Structure formats: structure tokens, C-alpha cells
Amino acid sequence: MSPILSASGLRKRYDTTEVVAGLDLALNPGECFGLLGPNGAGKTTTLRLLLGLTRPDGGTIRLLGQPIPERAREARLKVGVVPQQDNLDPDFTVTENLMVYGRYFGLSDQAIRARIPELLAFADLESRADAPIESLSGGMKRRLTLARALVNDPEIIFLDEPTTGLDPQARHMMWQRLRRLLGEGKTILLTTHFMEEAERLCDRLLIMDTGKAVASGSPRELIATHIEPHVVEITGAEAHSFCTTLCQRQEKIGETLFCYATDPHPLLSSLQAQCDLRYLHRPANLEDVFLKLTGRELRE
């Protein structure tokens with residue numbers, strides 16, 4: 001099966017900083033591919049390169065069989081994009097936003113009108129068809145932005161942090177919509193800072209930092225490869241001295257000691273007798289992998 005999107009040796013430099021440094025990736029039709037990384041890792045630049053909005057300094061890109069950026073316009077006719085920030089037109093109603101956006105793809109007004117009921121139903125906005133944008137909640141705006149990205153019936157959808165700023169209910173509703181698109185055979189390229197979101201939605205992931213790929217694979221593969229299967233979080237003044245010999249790897253963050261272990265039972269048995277230590281035992285997750293590979297320091 002040929003990749004629907006591929007990049008090889010992708011590079012982009014701004015002044016003296018190489019923000020994308022030899023990146024390789026390939027998306028298979030019908031999968032959700034996650035691009036993860038801390039702020040400044042090069043994710044947004046990578047998306048712009050893949051869409052043909054920024055010209056690379058090196059490497060090759062093919063999107064829907066077209067060379068990018070040479071034939072980016074032709075490729076984008078079958079691409080949907082949900083940007084990080086909503087860019088809905090506040091002067092138009094919900095329906096008018098869909099109409100105007102559809103015209104950018106050369107669709108006739110008749111064809112767009114025929115799709116609007118389906119798009120409104122997908123976004124659960126049938127009752128708000130004539131509503132001004134200012135009257136919509138944040139969750140409604142994100143669902144409309146996703147529906148708008150589908151107006152041209154795209155084969156692949158680029159989603160740049162689609163659930164940032166949403167409350168838990170709106171986030172779960174967005175996840176349901178994305179799963180539905182995957183069930184319909186759409187391909188999704190997703191960037192997100194929510195590791196739970198990446199674990200729930202993505203078939204494969206690429207973690208990048210300082211413009212380079214540092215790990216790739218399915219969420220389960222990354223967890224199994226890069227982190228011990230059990231994590232015990234311990235809080236208390238004597239946590240470090242107590243756990244010195246009872247876990248394979250330790251990491252102290254603030255007042256909490258993170259103990260990573262293949263077999264946590266000796267540690268847990270000992271902790272039960274320690275009234276002055278609070279602890280939480282949980283399975284390792286993608287966030288543990290992400291922090292191990294990219295560090296815990298803040299990125300601005």
C-alpha cells in the first residue's frame with residue numbers, strides 16, 4: 001500500500017536554527033498518525049512543509065501522489081485542515097462560513113448546499129445553522145471548524161491541536177467525531193499536547209524534539225520499549241531514602257518521587273507500612289515516555 005503522505009530527509013532552517021532536521025515520515029491510508037513534541041520541537045513548521053505552505057531547504061515530500069511544494073495547490077484540493085486557532089469568519093453565520101469555505105475549492109454553490117445538512121449533523125449544529133459565530137461556545141466553534149475542513153470531502157485531514165482549550169465534555173465529543181472519520185476511511189495527521197488523546201486516537205506516533213525524530217511506533221510499542229511497565233508516585237519527606245533499593249529507576253520532581261519498576265510488588269508491600277508516605281500505583285503511559293525522551297524542563 002503506497003503512503004498517502006510521505007517525507008524523506010525533510011529540512012528547514014531559520015537563520016542559524018535548523019527547526020526541522022532530516023525528518024522522515026510516512027502515513028498509510030486510513031490511519032491516525034500522531035506528531036508529538038514539546039513547544040519549539042518543529043511540529044507546526046513540519047505541518048506547513050507537508051502542506052506546501054513553507055518551502056523546505058532539503059528533502060522530498062509527496063502528498064496524495066503529488067510532489068510538494070511544486071503541486072501543493074492540486075494536492076490541497078483533497079486535504080482538510082483544522083488549524084490550532086479557530087479562524088471562522090465572525091461576519092458570517094454558521095452556514096455562510098461553510099458556503100464561503102467551499103468556494104475556495106471551486107465547488108459550486110449547489111454542491112456546497114447539498115453537503116451542508118450532513119456537515120451540520122456531523123458537528124451537531126443543525127439548530128445553529130443561521131446563528132452568528134459569536135453566539136457559539138468554544139466547543140461548537142471547534143466542531144464547526146472540523147466540519148468546515150470536510151466541505152471538500154478530503155482524503156486526509158491535518159489537525160493541529162484540535163482540542164486545546166476545550167472542556168472534558170467537548171474534548172470527548174471531538175474524539176467521537178474523529179473516530180467516526182477514521183471509521184469512514186479518512187486519514188488523519190494529528191498534533192496534540194494531550195498524551196491521553198494520542199493514546200486513544202493514534203495508530204502510530206512520531207515523537208520529535210529539536211527538529212529531529214526521537215522515537216516512533218504505536219503507543220503500546222513506545223511504552224513497552226522506552227519505559228518500565230509500572231510507575232509508583234510517592235510523596236513525603238523520606239521518599240527518596242526509603243526507595244533507594246526498591247525500584248529500578250527513580251526521578252524526583254518537586255515533592256514527588258517517581259519510581260519506575262518491572263515488578264512493583266516489593267515496593268508496594270513496603271509502602272503499606274509507611275504512614276508518612278502517600279503513594280499512587282499506576283501503569284506506565286505515553287506521557288511517561290514523552291517526558292523521558294524530551295525532558296521535563298519548560299519550553300516557551
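The values are calculated or read from the model by the stated rules, or taken from the named source; none is laboratory data. What you see is a predicted model; the values in this text were computed from it and never measured. Counting neighbours? That spans all protein chains shown, and the Cβs are built from the backbone with ideal geometry, glycine included. Accessible surface is based on the protein model in full, side chains and every heavy atom, while ligands, DNA and RNA are left aside. Shrake-Rupley method; radii C 1.70, N 1.55, O 1.52, S 1.80 Å.
Side notes on the structure shown:
- The stretch 52-82, residues that are of a type in the set (S, T, N, Q) and not in a loop (DSSP other than H, G, I, E, B): Thr60, Gln66
- Segments classed as strands (runs of 3 or more DSSP E), wholly inside the stretch 229-296, with at least 2 members that are modelled with pLDDT of 90 or more and surrounded by fewer than 16 Cβ atoms within 10 Å (Cβ to Cβ): 278-283
- Any chance Thr225 is open to solvent by 70 Å² or more (accessible area, probe 1.4 Å) and on the phi > 0 side of the Ramachandran plot: no
- Every condition in (1) part of a helix (DSSP H, G or I); (2) out of contact with any helix residue (DSSP H, G or I) (no Cβ under 6 Å at 6 or more places or on another chain); (3) buried (at least 18 other Cβ atoms within 10 Å of the Cβ) is met by Leu98 except one, and the failing one is (2).
- Flag for Thr54 being among the β-branched types (Val, Ile, Thr), closer than 30 Å to Met99 by Cβ and at pLDDT 95 or above: yes
- So Thr163, is it over 24 Å from Ser8 (Cα atoms) and among the hydroxyl-bearing types (Ser, Thr, Tyr): yes
- Options Arg220, Arg177: the member that is in a helix (DSSP H, G or I), open to solvent by less than 40 Å² (accessible area, probe 1.4 Å) and charged (D, E, K, R): Arg177
- Of all positions in the stretch 150-164, none carries a residue that is open to solvent by 10 Å² or more (accessible area, probe 1.4 Å), assigned to a helix (DSSP H, G or I) and not hydroxyl-bearing (Ser, Thr, Tyr).
- Qualifying residue in the stretch 192-205 (condition: of a type in the set (A, V, I, L, M) and surrounded by fewer than 17 Cβ atoms within 10 Å (Cβ to Cβ)): no
- Residue within the stretch 74-95 that is closer than 20 Å to Lys212 by Cα and touching a residue at least 24 places away in the same chain (Cβ under 8 Å) present: no
- Close pairs from the stretch 130-152: first without any contact (Cβ under 8 Å) to a residue 24 or more places away in the chain, partner outside any loop (DSSP other than H, G, I, E, B), Cβ under 7 Å, at least 6 apart: Met140/Arg128
- Residues of the stretch 1-51 satisfying the condition of being outside any strand (DSSP E or B), among the polar types (S, T, N, Q) and in contact with a Leu (Cβ under 8 Å, 6 or more places away or on another chain): Thr46
- Test: residue in the stretch 159-170 that is among the hydroxyl-bearing types (Ser, Thr, Tyr) and within 27 Å of Leu293 (Cα to Cα): yes
- Among residues of the stretch 54-77 being open to solvent by 90 Å² or more (accessible area, probe 1.4 Å) and within 21 Å of Asp160 (Cα to Cα), the one that is nearest to the chain's Cα centre (by Cα) is Arg62.
- Subset of the stretch 78-88 (residues that are open to solvent by 40 Å² or more (accessible area, probe 1.4 Å) and modelled with pLDDT of 95 or more): Lys78, Val81
- Of the residues making up the stretch 223-276, those that are of a type in the set (Phe, Trp, Tyr) and closer than 30 Å to Glu199 by Cα are Phe258, Tyr260.
- Flag for His226 being in contact (Cβ under 8 Å) with a residue 24 or more places away in the chain, farther than 26 Å from Leu51 by Cα and not hydroxyl-bearing (Ser, Thr, Tyr): yes
- Residue within the stretch 38-53 that is open to solvent by 10 Å² or more (accessible area, probe 1.4 Å) and more than 28 Å from Arg179 (Cα to Cα) present: yes
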